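Okay, structure first, notes after.
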Amino acid sequence: MPPERKRRTRRDRRAGATPGRKARPGSGSTPAKAARSSQRTQPAEPRAAPSAGSAAAAAEEEESRLRQRNRLTLGQLHGSSDDSEVENEAKDIFSQKKKKKPVWVDEDDEDEEIVDMSNNRFRKDIMKNASESKLSKEKLQKRLKEEFQHAMGGVPDWAEAGSKRRTSSDDESEEDEDDLLQRTGNFISTSTSLPRGILKMKNCRPANAERPTTARISSVQFHPGAQVVMVSGVDNAISLFQVDGKTNPKIQSIYLEKFPIFKACFSANGEEVLATSMHSKVLYVYDMLAGKLIPVHQVRGLKEKTVKQFEVSPDGSFLLISGIAGFSHLLSMKTKELIGSMKINGRIAASTFSSDSKRIYTSSENGEVYVWDVNSRKCMNRFLDEGSLCGLSIAASKNGQYVACGSKSGVVNIYNQDSCLQQTNPKPIKAIMNLVTGVTSLAFNPTTEILAVASRKMKEAVRLVHLPSCTVFSNFPVFKKSTLSRVQTMDFSPRGGYFALGNEKGRALMYRLHHYSDF
């Protein structure tokens, strides 16, 4: 090699050996020339060429160093926002690495199974048309998610993927306030009123399962204050059961010798049980607190040979006994003494108090309805039940809005209470014609959203009517099972959570109504 080229090569090596060192101002070579000279001298080095693996590792190391230098430079220019982007990118990479594969996979889950939608009454509601009688599991799951989101007004926060949990109560309250002010979906979609069409309910164990009997059930009633149900029948026994929907354990049984019970009822405060028989004028009063059975053999001024049908006022002040020849006798609930009597034309079919205990509604066997004032015991109004030739039952709603009259023809007329007080010929709001035999039982639920109508003259002759739409729930009773038989009596629990009915086979059937959360 010529001497000049050797000197130039050494000079270039010295310049390239220290890349961080600044060139002297007096030096005669520029950086570009130094780079070109270093590129030319690289093949002439006597060292061995690096392997392919070490070269790739060095390239990756150099690339990562350049990336870090660029990020630092960009961070100085753009501030903290780019730092957050870098952090988010790193978090995304970490989350992707963190995802795990499933440990076990069921082969049956991968097979597409077809679900029959028409056989399930709850799945029928989510069918959009008749062609969707059969859906795959995946489509059914998707449809259920859609229904849930529609009911919730969107996807809730806890169901969103990657949602952050709140760490403090202050943040939680602030976020709740923001949601309340910014979104209205949840509040519009949900409602506290009972929807019509299908009543969601569950068949519970019979109330008297721990004391089975074959005798006809005459009365079923829930306690007004405790989670207790009373069942009585023509087998001379009154039994109390605790209501839990599962076992319904028996609390106590009271046996009345030679006294087939026609009706048994709790007092308004729940401290007493009153019972009458079919062919006796004795009224039994059972004091639940003292555990004593008190027979009332004769009421002074009451000249009835038998005492059967009676009603207790909602405020617990009065006892109304229906006699023969159209007489109704008003007694003091506390002393069991006669206050006064009222008379109608014909025989009394049924009587009931208004929700405020100020009026009495009496239905006669000739189809007339009488409205009495309790304080003065005078007739306030009298009208003919539309289309009725013979009345059998009557009931007043708990909110003072409706009066329902059941007739021998199977028609139930629902009236507005105000029209019954003011008009001589009131028109019913709706005539329920789903029964074809005489309506012997009527019962409103506590919220006045359900009216139960039944006839003891035919099996499975019971319907639940939705109010205020006056439409019948389509899923009750279930005709395929035929478990209700001939319904003799019905009642709702104090807050509407349970519905009970007794039949002629000695069974007190009970149902849980899911719309109502309390007993």
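The values are calculated or read from the model by the stated rules, or taken from the named source; none is laboratory data. Computed from a predicted model, the values in this text were never measured in an experiment. Counting neighbours? That spans all protein chains shown, and the Cβs are built from the backbone with ideal geometry, glycine included. All accessible areas refer to the heavy atoms of the entire protein, side chains included, with ligands and DNA or RNA removed. Shrake-Rupley method; radii C 1.70, N 1.55, O 1.52, S 1.80 Å.
Some observations on this one:
- Sulfur and carbon atoms: percent of accessible area, region 236-385 [1.4 Å]: 49
- Positive minus negative residues near Ser409 (Lys, Arg vs Asp, Glu; Cβ under 14 Å): -1
- Under 5 Å, built H, 5+ apart or other chain: amide partners of Ile394: Gly406
- Cα convex hull of region 184-320 - mean projected area over all directions, nm²: 12.0
- The charge dipole of region 218-367, taken about the Cα centre with unit charges on the Cβ atoms of Lys, Arg (+1) and Asp, Glu (-1), comes to about 420 debye, rounded to the nearest 20.
- Note on region 401-519: with neighbouring protein chains present and a 1.4 Å probe, carbon and sulfur make up 48 percent of its accessible heavy-atom surface.
- Think of a 1.4 Å ball rolled over the protein heavy atoms: region 312-449 then has 41 Å² of accessible area per residue.
- Leading residue at positive end of dipole, region 380-493 (Cβ point charges), from Ile432, Pro468, Ala404: Ile432
- Inverse of mean 1/r across different Cα pairs in region 404-487, Kirkwood, Å: 13.4
- Accessible area (Å², per residue) of region 227-289, counting only protein heavy atoms and a probe of 1.4 Å: 42
- Simple Cβ-charge dipole of region 420-519, Lys/Arg +1 and Asp/Glu -1, about Cα centre, in debye nearest 20: 380
- Glu337 accessible area, 1.4 Å probe, all protein chains in place, Å² to nearest 10: 120
- Measuring only protein heavy atoms, the 1.4 Å probe finds Thr448 accessible over about 10 Å².
- The listed residues Tyr255, Tyr511, once ranked by accessible area (1.4 Å probe) with the largest placed first, stand as Tyr255, Tyr511.
- Rounded FRET efficiency, nearest 0.05, which uses the C-beta distance separating Ser474 from Glu386 and R0 of 25 Å: 0.45
- Separation of the alpha carbons by more than 22 angstrom is noted, of Lys145/Lys200; Lys308/Lys430; Lys457/Lys481; Lys145/Lys481; Lys258/Lys308; Lys258/Lys305, for Lys308/Lys430; Lys145/Lys481.
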